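Single-structure report; data block below.
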Amino acid sequence: MKSKNLLPLFFLFSLMLSCCSNDVSNKKIVTRINDYDLTLDEFQNQLALELELDEDFKLTHETRKQFLEEIIQKELLIQEAKRAKLDQQKKFMQAIERYWESTLIRNLIDLKSEEIDKQVVVSEEEIKLHYDKIKKQTPSLPDFQKFHNQIEKKVKEEKRIHLLKEWMDNLRENASVEIFPSMLE
């Protein structure tokens, strides 16, 4: 009686395993480096990123093979570093933490800058005022129209920087920060 009850469960479990193994076998593997499989999707993503970051990189059959060799070499070095447990050392963890923090902060500032850029508007009056201010210091300055675009960009950048600083100051003002001076000595 018990074996009849387990039969449907066994069948269901077998079906689930076969579905999972089909997902893995459907992925096209470009190379296997010890226990690591590099799929075609992963390879193409890395290749696309390389093309985006290096404008001198020209995609040919030869450069594709060379790029694969570089990935293999990198993976072998990573695997060797892991075998040596370098990925568990405190120094490594601190470096990763610093990188993570820097990247997170940079992404936040980029996001906020984009938001601010959409808000910043420069009027003709502001551009003219800035021009007049420069003209007082440099009387030989050519006419307004020649510097219009440059001045507009400069005024916009100044406003953007001001709003970004204002936002950062606001973060500090609204935060609860306690400093314990005795600990600094």
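The values are calculated or read from the model by the stated rules, or taken from the named source; none is laboratory data. The structure presented is a predicted model; accordingly, all values stated were derived computationally and were not measured. Cβ: placed from backbone, ideal geometry, glycine included. Neighbour counts: every protein chain shown.
Below is a table of values for the structure above.
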read-out: Residue check, V177 in contact with an Asp or Glu (Cβ under 6 Å, 6 or more places away or on another chain) and either more than 30 Å from A81 (Cβ to Cβ) or not hydrophobic (A, V, I, L, M, F, W, C) (or both); value: no
read-out: E97 vs. criteria part of a helix (DSSP H, G or I), modelled with pLDDT of 95 or more and loosely packed, with under 12 Cβ neighbours inside 10 Å; value: yes
read-out: Cβ pairs under 8 Å, 6+ apart, first in the range 93-110 and in contact (Cβ under 8 Å) with a residue 40 or more places away in the chain, second surrounded by 10 or more Cβ atoms within 10 Å (Cβ to Cβ) and in a helix (DSSP H, G or I); value: I109/L164
read-out: Every residue from the range 135-185 that is of a type in the set (A, V, I, L, M) and either exposed (fewer than 10 other Cβ atoms within 10 Å of the Cβ) or modelled with pLDDT of 90 or more (or both); value: I151, V155, I161, L163, L164, M168, L171, A175, V177, I179, M183, L184
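Results for (1) without any contact (Cβ under 8 Å) to a residue 40 or more places away in the chain; (2) of a type in the set (F, W, Y), shown as yes or no for each residue.
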| site | (1), (2) |
| --- | --- |
| H130 | yes, no |
| I134 | yes, no |
| D143 | yes, no |
| V155 | yes, no |
| L163 | no, no |
| F180 | yes, yes |
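Here is a yes/no grid of residues against (1) surrounded by 10 or more Cβ atoms within 10 Å (Cβ to Cβ); (2) modelled with pLDDT of 95 or more:
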position: P8; (1), (2): no, no
position: S14; (1), (2): yes, no
position: N26; (1), (2): no, no
position: L51; (1), (2): yes, no
position: T60; (1), (2): no, no
position: E80; (1), (2): yes, yes
position: S102; (1), (2): yes, yes
position: K112; (1), (2): yes, yes
